[in-house]
Amino acid sequence: MNRELLIEIGSVNSQINFRTLDLLNEYYKKEGYNMFKAAELAENNIQNFVTYARNDINQSLSDNTCSLFNSADASIVSFNSNFEIVNSIYKSLKYISWQDFEHFCGYLLKKCFNAIKVEVSQQSNDGGVDFSGIMPFKSNCSSNTYGKIELYGQAKKYSGNVGRVDIDKFTAFANRQKRDNQYPAQLFLFCTTSGYNNSAMNEIRKNNFIALNGQQIAYLIFQYLNPKVESTDNYIELFMSEV
C-alpha cells in the first residue's frame, strides 16, 4: 500500500481511530478510483490491509522505530498519535549540517545511552572515528561500575542510503582499532540520517557493528524529550541544548 497516502489521510482528518472499511474507501478514492470501484476494493482488501498494518507494528517493534499504527482489525484501525511527531523529527534531520550531526551523535550517546567521556573529532577523515565515548558496565541494583566498554562511532549525514563503501572504510578503521587496543571491550556504532542499502547492512551484521538509521534516531529523540516539549518545530535544537 502507499504509505505516504495513509499518512496523509490520518493527518488531514486529525483522527486516530477509523472504521477500517471507511479508511480503505477513502484510500482508494485518493488513488483515483470512482466511489463505486473504491467501495468494491475496500470491501475486498480489508484482510490484506489488516495484515499490512499488523506487519508494520511488528516490524517497528523489531526495528525500534515508531509504527504508523497502534492496532488494526477488520472493524477498527487505530493510528499511532506519536507517529506524526516522530516523522516530523525524522524529516528535520535532513536540514542539520554534517558538522552538527557529528556533535548531535555525541549528545545521543550521552543522553540516550548514558555514555561518559564523549568526544567529537570534527575531522573530515572518512572511515575514521567521528565520535567516541565510554559505556559504563553497571549493576541495575546499584550505581557501582564494574567495567567499561569503549565506543567508536562514525556519523554520515546523507539524503540517500549509506552504501557498502562507507561501511568498508569503517571496517578498516575498526580492524586497526582492535589491533591497537587488544584488551578493552569495544563497540563500533554507525549513525546516519537516512538508511542503509542491503549490501551495507550485510557488512554491518558481519562485523557485529551497531547501526542506527534516521527513523531510529528520530524515535530516540522523541522518547528522550517527550513529554518535556509541546512543539515539534525545534526538537533537534532542544535535544542538543537541553541539559
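Figures for the structure shown
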quantity	calculated
Single match in 236, 221 (criterion: surrounded by 12 or more Cβ atoms within 10 Å (Cβ to Cβ) and modelled with pLDDT under 90)	236
Filtered residue count, segment 22-40, keeping only those that are surrounded by fewer than 17 Cβ atoms within 10 Å (Cβ to Cβ) and farther than 28 Å from residue 88 by Cβ	7
Residue pairs meeting the criteria (Cβ under 6 Å; at least 6 apart or on separate chains; first free of Cβ contacts under 8 Å to residues at least 24 places away in the same chain, in segment 138-151; second assigned to a strand (DSSP E or B) and exposed (fewer than 14 other Cβ atoms within 10 Å of the Cβ))	138/145; 146/137
Qualifying positions in segment 176-203 - over 14 Å from residue 108 (Cα atoms) and touching a helix residue (DSSP H, G or I) at 6+ places or on another chain (Cβ under 6 Å)	188, 194, 199, 200, 203
Close pairs (6 angstrom Cβ cut-off, 6 or more residues apart or separate chains): assigned to a helix (DSSP H, G or I) in segment 111-122, surrounded by 13 or more Cβ atoms within 10 Å (Cβ to Cβ) and not small (Gly, Ala, Ser) anywhere	111/224; 112/220; 112/224
Odd one out for residue 53 among (1) free of Cβ contacts under 8 Å to residues at least 40 places away in the same chain; (2) surrounded by fewer than 19 Cβ atoms within 10 Å (Cβ to Cβ)	(2)
Qualifying residue in segment 172-181 (condition: outside any loop (DSSP other than H, G, I, E, B), closer than 24 Å to residue 238 by Cα and either within 17 Å of the chain's Cα centre (by Cα) or not acidic (Asp, Glu) (or both))	no
Count of segment 180-209 residues which are under 22 Å from residue 99 (Cα atoms) and either of a type in the set (Lys, Arg) or open to solvent by 70 Å² or more (accessible area, probe 1.4 Å) (or both)	0
Verdict on residue 155 being within 20 Å of residue 237 (Cα to Cα), of a type in the set (A, V, I, L, M, F, W, C) and in contact with a helix residue (DSSP H, G or I) (Cβ under 7 Å, 6 or more places away or on another chain)	yes
Of all residues making up segment 1-21, the number that are closer than 19 Å to residue 55 by Cα, in contact (Cβ under 8 Å) with a residue 60 or more places away in the chain and open to solvent by 50 Å² or more (accessible area, probe 1.4 Å)	3
Residue that is in contact with a Phe, Trp or Tyr (Cβ under 7 Å, 6 or more places away or on another chain), surrounded by 15 or more Cβ atoms within 10 Å (Cβ to Cβ) and closer than 21 Å to residue 60 by Cβ, where the choices are 215, 177	215
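The values are calculated or read from the model by the stated rules, or taken from the named source; none is laboratory data. Since the model is a prediction, treat every value here as computed from it, not as a measurement. Every residue, glycine among them, receives a Cβ derived from its backbone with ideal geometry; neighbour counts consider all protein chains shown. With ligands, DNA and RNA removed, areas are computed over all heavy atoms of the protein, side chains included. Shrake-Rupley method; radii C 1.70, N 1.55, O 1.52, S 1.80 Å.
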